[in-house]
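Take a look at the structure below.
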Amino acid sequence: MDFGFWRYLFAKPQFNAGGKTLLKVFPAKPKSSIHIQYNQTFVFSELEKVNFLRNRIAHHEAICFKLGHKQIDTGYVARHYSLILNLFNWMSINEKGLLYGIDKVNTSINKINSL
């Protein structure tokens with residue numbers, strides 16, 4: 001299954017058809033408050049951001065430049081990488097253990113920023 005499939009499991013029709021239980025995938029998700037609801041819509045939006053980054057990478061689009069400019073900007077990648085790690089935490093996944101030996105994102109960001 002591709003990432004879009006998993007993302008769309010949190011779209012309202014699919015989420016409702018699945019019995020609204022899919023949020024259990026995120027046992028460490030923050031509790032909702034008056035100001036922010038960590039519900040299916042919120043999760044769908046977060047997964048959508050990750051999916052957009054994935055698609056940009058898959059289509060060989062620049063991800064380390066300001067959109068429409070030639071200026072280096074790793075902020076987009078850093079924010080999305082942080083979001084991915086946050087989602088791992090919500091799933092109670094030890095991201096350091098999962099990514100041990102293969103996680104080069106921050107090293108690469110630092111190299112690019114030093115150019």
- Residue count for the stretch 74-107, restricted to those that are assigned to a loop (DSSP other than H, G, I, E, B), surrounded by 12 or more Cβ atoms within 10 Å (Cβ to Cβ) and out of contact with any Leu (no Cβ under 9 Å at 6 or more places or on another chain): 3
- Output for the stretch 4-20, where each listed residue is touching a residue at least 12 places away in the same chain (Cβ under 8 Å) and farther than 15 Å from residue 45 by Cα: 20
- Task: Name the one entry in 40, 71 that is in contact with a Phe, Trp or Tyr (Cβ under 8 Å, 6 or more places away or on another chain) and surrounded by 10 or more Cβ atoms within 10 Å (Cβ to Cβ).
- Result: 40
- Query: Consider residue 46 against the criteria (1) within 17 Å of residue 4 (Cα to Cα); (2) modelled with pLDDT under 95; (3) among the charged types (D, E, K, R): it satisfies all of them except one. Which criterion is unmet?
  - Reply: (2)
- Task: Name the one entry in 92, 45 that is within 12 Å of the chain's Cα centre (by Cα) and closer than 22 Å to residue 23 by Cα.
- Result: 45
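Conditions (1) under 30 Å from residue 115 (Cα atoms); (2) aromatic (Phe, Trp, Tyr); (3) at pLDDT below 90, marked per residue:
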| residue | (1), (2), (3) |
| --- | --- |
| 15 | no, yes, no |
| 27 | no, no, no |
| 33 | no, no, no |
| 41 | no, no, no |
| 53 | yes, no, no |
| 58 | yes, no, no |
| 71 | yes, no, yes |
| 76 | yes, yes, no |
| 95 | yes, no, yes |
- Task: Give the residue that is nearest to residue 90 (Cα to Cα), with candidates limited to residues of the stretch 43-66 that are surrounded by 13 or more Cβ atoms within 10 Å (Cβ to Cβ) and acidic (Asp, Glu).
- Result: 46
- Message: Could you go through the stretch 23-30 and let me know if any residue there is within 20 Å of residue 2 (Cα to Cα), without any contact (Cβ under 8 Å) to a residue 60 or more places away in the chain and among the aromatic types (Phe, Trp, Tyr).
- Response: no
- Message: So the check is Cβ under 6 Å with 6+ separation or different chains; which pairs have a first residue in the stretch 61-74 that's touching a residue at least 12 places away in the same chain (Cβ under 8 Å) and closer than 16 Å to residue 110 by Cβ and a second one that's outside any loop (DSSP other than H, G, I, E, B) and charged (D, E, K, R)?
- Response: 63/56
- Note on the structure: The residue that is surrounded by the most Cβ atoms within 10 Å (Cβ to Cβ), considering only those in the stretch 12-37 that are touching a helix residue (DSSP H, G or I) at 6+ places or on another chain (Cβ under 6 Å) and in a loop (DSSP other than H, G, I, E, B), is 29
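The values are calculated or read from the model by the stated rules, or taken from the named source; none is laboratory data. Not measured: the values here are computed from a predicted model. Here the Cβ is made from the backbone with ideal geometry for all residues, glycine too, and neighbour counts use every protein chain on show.
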